[in-house]
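Everything below concerns the one structure shown next.
What follows draws every value from the coordinates through simple rules; no lab data is involved. Keep in mind it's a predicted model, so treat the numbers as computed, not measured. Neighbour counts run over all protein chains shown; Cβ positions are idealised from the backbone, glycine included.
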Amino acid sequence: MSTYKEIVTKAVIGKGKKTSKSSYSIETEEVPNTVLGCWVINHRFSGTNNNGNVNVNGSFDVNVWYSYENDSKTAVSTKRLSYSDMLKLRLKENTNTNQEIIVRSLKQPTVTDVKIKDGLVNLDIEKELGVEVVGETKVRIAIEDEEDPWEDIYDDEEITEEISEVTDDYIE
């Protein structure tokens, strides 16, 4: 007959991911003619649990390299952009104590499209975030008959006693 025991451990109790595409406008010091390059750096983010939904707040810097004055001069404009994304999760366990939120950038923010319109640089930036919620959960395991685990182990005295009882003419 087997009995059951419960082990309390930490495990992933909820997962989710979200791909988002956002549009931004950057005002430059000069009126740009051509965008020569655009890149995203310094991506930072953190998540908080909100009743099964995770709010991810983050920011990144966008650098736009552009030409102006009929493509005779160049400049770089830098702007810090912030975002807030809500990820809906299906939690496997209903517990609100000691939860840890792990947020990962599955795809770093990348500029997918850039255009100049009315003296502004318009950007489309795409990113993908993954979230895991780690919390306490219980695992139930079956325990077979609880026999004495030390039953088949002999101590030194018993072994010495057994050896002393062996006679030299045992082989004959």
- Query: What does the helix-only formula give at 222 nm for the chain: each DSSP H stretch with n ≥ 4 adding -39500 (n - 2.57), the total divided by the residues, and the result rounded to the nearest 500 deg cm²/dmol?
  - Reply: -1500 deg cm²/dmol
- Most to least packed among 80-91, 59-70 [average Cβ atoms within 10 Å]: 59-70, 80-91
- Query: Can you give the relative contact order of the chain as a percent, counting alpha carbon pairs under 8 Å and 6+ residues apart?
  - Reply: 34 percent
- Neighbourhood net charge (14 Å Cβ-Cβ; Lys/Arg +1, Asp/Glu -1) for Val64: -2
- Filtered hits (lysines, Cα-Cα < 20 Å from Lys5, offset >= 8 within chain) -> Lys138
